[in-house]
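*Asks:* The structure is given below, and queries will be raised subsequently.
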Amino acid sequence: MPGYERHIFVCENVRPEGHPRGCCAAKGSPAIRARFKELVARHGLATRVRANMAGCLDACENGVTVVVYPEGVWYGHVTLADVDEIFTRHVLGGVIVERLRLASGAEPPPPAS
């Protein structure tokens with residue numbers, strides 16, 4: 001089987017409740033990954049795009065964290081409401097969603113004025 005054109009990794013790491021770094025699973029990452037998978041299937045892209053669960057991506061404070069390859073773009077603070085935009089703009093259109101992009105794996109850029 002040939003490689004995928006795009007690979008979406010969604011952190012689903014689980015930490016104990018009250019952990020100082022938090023965890024993406026407690027912030028809704030399973031539903032986020034499920035929505036990505038639904039969109040992949042709906043668009044008939046199962047052989048070209050893959051949405052996978054990832055363990056800790058070490059950006060817990062920015063969770064839910066999503067990484068899209070081959071570009072290696074990291075998104076932070078992703079909510080279920082953001083998934084369709086990331087999928088449509090980035091996965092389908094190749095345009096990075098800058099408002100959610102993590103700068104060097106740290107914090108997302110400040111909101112546009």
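*Asks:* Working carefully through the options 18, 22, find the one that is surrounded by 14 or more Cβ atoms within 10 Å (Cβ to Cβ), more than 16 Å from the chain's Cα centre (by Cα), among the small types (Gly, Ala, Ser) and in a loop (DSSP other than H, G, I, E, B). Walk me through how you get there before you give the answer.
*Replies:* Numbers: 18 fails: surrounded by 14 or more Cβ atoms within 10 Å (Cβ to Cβ).
One residue alone meets the criteria, 22.
*Asks:* Can you find a residue that is in contact with a Gly (Cβ under 8 Å, 6 or more places away or on another chain) and either loosely packed, with under 14 Cβ neighbours inside 10 Å or of a type outside the set (Asp, Glu) (or both) anywhere in the stretch 29-50? Before the answer, list the steps.
*Replies:* At the first step, the residues of the stretch 29-50 found to be in contact with a Gly (Cβ under 8 Å, 6 or more places away or on another chain) are 29.
When the remaining residues are screened for being either loosely packed, with under 14 Cβ neighbours inside 10 Å or of a type outside the set (Asp, Glu) (or both), the result is 29.
Within the stretch 29-50, one or more residues are in contact with a Gly (Cβ under 8 Å, 6 or more places away or on another chain) and either loosely packed, with under 14 Cβ neighbours inside 10 Å or of a type outside the set (Asp, Glu) (or both).
*Asks:* Inspect the stretch 100-112 for any residue being modelled with pLDDT of 90 or more, in a loop (DSSP other than H, G, I, E, B) and exposed (fewer than 13 other Cβ atoms within 10 Å of the Cβ) and give the result as yes or no. If you could, list the steps in order and put the result at the bottom.
*Replies:* Looking only at the stretch 100-112, we keep the residues that are modelled with pLDDT of 90 or more, and these are 100-102.
From the residues that got through so far, the ones that are in a loop (DSSP other than H, G, I, E, B) too are 102.
In the following step, the residues that additionally are exposed (fewer than 13 other Cβ atoms within 10 Å of the Cβ) were identified as none.
Among the residues of the stretch 100-112, not one is modelled with pLDDT of 90 or more, in a loop (DSSP other than H, G, I, E, B) and exposed (fewer than 13 other Cβ atoms within 10 Å of the Cβ), which makes the answer no.
*Asks:* From the residues in the stretch 64-106 that are of a type in the set (Phe, Trp, Tyr) and under 15 Å from residue 53 (Cα atoms), which one is farthest from the chain's Cα centre (by Cα)? Lay out the reasoning, then the answer.
*Replies:* To start, the set of residues in the stretch 64-106 that are of a type in the set (Phe, Trp, Tyr) comprises 69, 74-75, 87.
Still in the running and under 15 Å from residue 53 (Cα atoms): 69, 74-75.
On the way: 69: 10, 74: 7, 75: 6 Å.
For the stretch 64-106, the residue satisfying everything is 69.
*Asks:* Return a yes/no flag: does the stretch 57-65 have any residue that is farther than 10 Å from residue 8 by Cβ, in contact with a strand residue (DSSP E or B) (Cβ under 9 Å, 6 or more places away or on another chain), in a loop (DSSP other than H, G, I, E, B) and of a type in the set (Val, Ile, Thr).
*Replies:* yes
*Asks:* Would you call residue 91 surrounded by 17 or more Cβ atoms within 10 Å (Cβ to Cβ), modelled with pLDDT of 95 or more and in a strand (DSSP E or B)?
*Replies:* no
The values are calculated or read from the model by the stated rules, or taken from the named source; none is laboratory data. Since we're looking at a predicted model, the values are computed, not measured. Note: ideal-geometry Cβ built from the backbone for every residue, glycine included; neighbour counts use all protein chains shown.
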